[in-house]
Amino acid sequence: MQTGQRTKLTKMAAKTFLALAMTLSAVNMPAQEGRKVISNPAPVYPETARSLHIRGAVKVQVVIATDGHIKDIKVIGGHPLFVDSVQEALKSWKYAPASSESTVLLEFSFHP
């Protein structure tokens, strides 16, 4: 592949990822209605993505147990390089206890 084609392809990929991130952030997602966040450490920016200057987002649906821990995580969409980091961070999230389980949508954006 020629250098010019590679540069063009890289720019097109970057624009695509940016468009995806902007689209996902424009989605009207409900906040953590009714459940106060007690602990929500941010996901770690993967070194591979940082070194390649990759931006992206991950959207997940989580089920919060009555005791406040994240019971289930379902990845709705996003850049594969960031999914593991989001899932790992969510293991440490904690919400206030409630009388029933809650389901919320969350979005995480990654920018170098």
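What follows draws every value from the coordinates through simple rules; no lab data is involved. Just so it is clear, the model here is predicted, and its values are computed rather than measured. For neighbour counting, all protein chains shown are included, and Cβ atoms are generated from backbone atoms with ideal geometry for every residue, glycine included.
Structural remarks
- Taking amide H as placed 1.01 Å from N in the peptide plane, GLY78 has its amide H under 5 Å from the amide H of LYS59, each at least 5 places away in sequence or on another chain.
- Per-residue Cβ neighbour rank within 10 angstrom, fewest leading, SER92, SER99: SER99, SER92
- Estimated translational diffusion coefficient (Stokes-Einstein, Kirkwood radius over Cα pairs, 25 °C, 0.890 mPa s) of the range 27-101: 183 µm² per second.
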